[in-house]
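Colleague: This is the structure, below, for whatever I ask next.
Any read-out appearing in this document is the output of simple, stated calculations on the displayed coordinates, not a laboratory observation. Here the structure is a predicted model, which means the values were calculated and not measured. Using ideal geometry, Cβ is built from the backbone for each residue, glycine included, and neighbour counts are taken over all protein chains shown.
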Amino acid sequence: VHDKFEELDYPYDVLWLDIEHTDGKRYFTWDDNLFPNPEKMQSKLWSQGRRMVTIIDPHIKRDNNYYVHKQATSSGVYIKDSKGKKDYDGWCWPGSSSYLDFTSERVRNWWADQFSYDRYKGSTSGVY
């Protein structure tokens, strides 16, 4: 996309990536086939004065093979169902999803930690 915008002299400042940039609609991941080297891509954009935003919504795909979901479940950061017993199971872009309890400071801190470079592999200071 960037190279085509350059070819056409199309002005832009920020390249936005929706959920399709992820591996199987799992936030904080990259699809290795579409983005084999996300750090290099971000560096190229940054060097040309451009920025990148990756869309990350506040719901998590319920997938026991997904490290964020496993950690969220074991940490107890999801909102509960109407009986207050089980993690709420809703539906959104990735399919079966749970939602974080942002009323809790502990959960907000946990969520913020997910954006660190050592957790969000492939991210750099050039991605927002």
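Colleague: Relative to the compact-globule scaling 2.2 N^0.38 Å, provide the ratio for the alpha-carbon radius of gyration of segment 58-128.
Modeller: Relative to the rule-of-thumb radius for its length, segment 58-128 sits at 1.15.
Colleague: How large is the translational diffusion coefficient of segment 1-56 in µm² per second when you combine the Kirkwood radius over alpha carbon pairs with Stokes-Einstein at 4 °C and 1.567 mPa s?
Modeller: For the chosen part, D equals 108 µm²/s.
Colleague: What percentage of all Cα-Cα pairs in the chain are separated by more than 21 Å?
Modeller: Within the chain, distances greater than 21 Å cover 46 percent of Cα pairs.
Colleague: Residue by residue through segment 14-28, what is 3J(HN,Hα) from phi via Karplus (6.51 cos²θ - 1.76 cosθ + 1.60, θ = phi - 60°)? Round to whole Hz and write x for glycine and proline.
Modeller: 9, 9, 9, 10, 7, 4, 5, 6, 8, 8, x, 6, 9, 4, 6
Colleague: Now for a separate question. Lys/Arg Cβ at +1, Asp/Glu Cβ at -1, dipole of the chain taken about the Cα centre: which of Trp46, Pro11, Leu100 is farthest positive-ward?
Modeller: Value computed over the given set: Leu100.
Colleague: Now for a separate question. In whole angstrom, and with the biggest value first, how far do the Cα coordinates of segment 44-98 range along each principal axis?
Modeller: 52, 19, 17
Colleague: Hey, another quick one. Quick check for the chain: number of Lys pairs with alpha-carbon distance under 17 Å, counting only pairs 8 or more apart or on different chains?
Modeller: Summing the qualifying lysine pairs gives 11.
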